[in-house]
1. Residues to consider are HIS27, HIS62; find the one that is surrounded by 11 or more Cβ atoms within 10 Å (Cβ to Cβ) and either among the charged types (D, E, K, R) or in a loop (DSSP other than H, G, I, E, B) (or both).
2. Please verify whether segment 37-56 includes one or more residues that are exposed (fewer than 10 other Cβ atoms within 10 Å of the Cβ), out of contact with any His (no Cβ under 7 Å at 6 or more places or on another chain) and part of a helix (DSSP H, G or I).
3. Checking the condition farther than 21 Å from GLY63 by Cβ, among the basic types (Lys, Arg) and modelled with pLDDT under 90, which residue from ARG7, ARG19 passes?
Amino acid sequence: MPTGDSRFVDRLTLETLDRDIFSGTCHAGAPLRAYGGQIAAQALMAAGMTVDDIDRQVHSLHGYFLR
């Protein structure tokens with residue numbers, strides 16, 4: 001049985017579809033819905049995957065809730 005940690009990491013794992021194009025998964029218990037924090041985490045992972053230089057890591061993430 002998967003642990004909570006492994007399920008969390010599975011949610012952040014992205015599939016590379018093309019150069020700079022990635023696909024992620026969402027929670028199986030809520031089809032067609034995603035938690036905003038998960039989307040932000042996947043976006044951060046995708047951004048990091050577009051950079052080849054190991055010395056250039058993401059150092060900040062900002063999110064805004066606009067109306």
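1. Checking each option against the conditions leaves just HIS27.
2. Yes, there is a match, as at least one residue in segment 37-56 is exposed (fewer than 10 other Cβ atoms within 10 Å of the Cβ), out of contact with any His (no Cβ under 7 Å at 6 or more places or on another chain) and part of a helix (DSSP H, G or I).
3. Answer to the selection: ARG7.
The values are calculated or read from the model by the stated rules, or taken from the named source; none is laboratory data. Just so it is clear, the structure is predicted and the values come from calculations on it, not from any experiment. Cβ: placed from backbone, ideal geometry, glycine included. Neighbour counts: every protein chain shown.
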